[in-house]
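The values are calculated or read from the model by the stated rules, or taken from the named source; none is laboratory data. Since we're looking at a predicted model, the values are computed, not measured. Here the Cβ is made from the backbone with ideal geometry for all residues, glycine too, and neighbour counts use every protein chain on show.
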Amino acid sequence: MTVGSPASLSRPPEPLDGHSPVVADEQSRGVGDVDLRRSPAASSVAVRSRFRRQGRRDTAPELAVRRRLHARGVRYRVDVRPCQETRARGDLVWKGRRLIVFIDGCFWHSCPSCGHQPHANAAWWAEKLAANVRRDRRTDAVLTAQGWRVLRFWEHEEPDAVADAICAALGRELSAR
Ligand SMILES: [Zn+2]
């Protein structure tokens, strides 16, 4: 949607829940010589830090959006698995409205504006990140088929703009800001 300020690009990745780096299921198996069930040795402090952060909930971008929604009187549930058909957990979920919001970490979900591919262990990372994107698209397809509206935002997006879009999807007046 919107592109964040350059200052936001230096923020470390704050990935979504449920995206553990080494998952031994059929979805995470790589192609060719790349075995996604084995993670490469962390090549740097930055990579180690990334792995530690992966799967954390309540990330700073999520909290920023939630604060704005709350201030507008919008109530929501967080970190919810919407239905049995997917293992994905939405960052913000309205089950009655069948609306689910993901705030995707720029690194783990390969944001075209600020996602980047690590140089060390490049082949492993390329496959890993591509697999994440494929899983996101499968999740979208499954949820859409179940009648859910899926909204995805990047963590670099302005929280006010994200809140605007969510309110619009909920059919709320934006003048309540
Ligand atoms: Zn981004």
How many residues does segment 118-164 hold that are assigned to a helix (DSSP H, G or I) and within 16 Å of the ligand (Cβ to nearest atom)? 7
Somewhere in segment 124-143, is a residue in contact with a strand residue (DSSP E or B) (Cβ under 9 Å, 6 or more places away or on another chain), free of Cβ contacts under 8 Å to residues at least 60 places away in the same chain and within 19 Å of residue 59 (Cβ to Cβ)? yes
Tell me which residues, restricted to segment 79-100, are under 14 Å from residue 151 (Cα atoms) and away from the ligand (no atom under 16 Å from the Cβ). 82, 88, 89, 90, 92, 93, 94, 95, 97, 98, 99, 100
Is it the case that residue 54 is at pLDDT below 95, closer than 24 Å to residue 39 by Cβ and out of contact with any Pro (no Cβ under 9 Å at 6 or more places or on another chain)? no
Hits in segment 69-90 - residues which are crowded, with 19+ Cβ neighbours inside 10 Å and part of a strand (DSSP E or B): 90
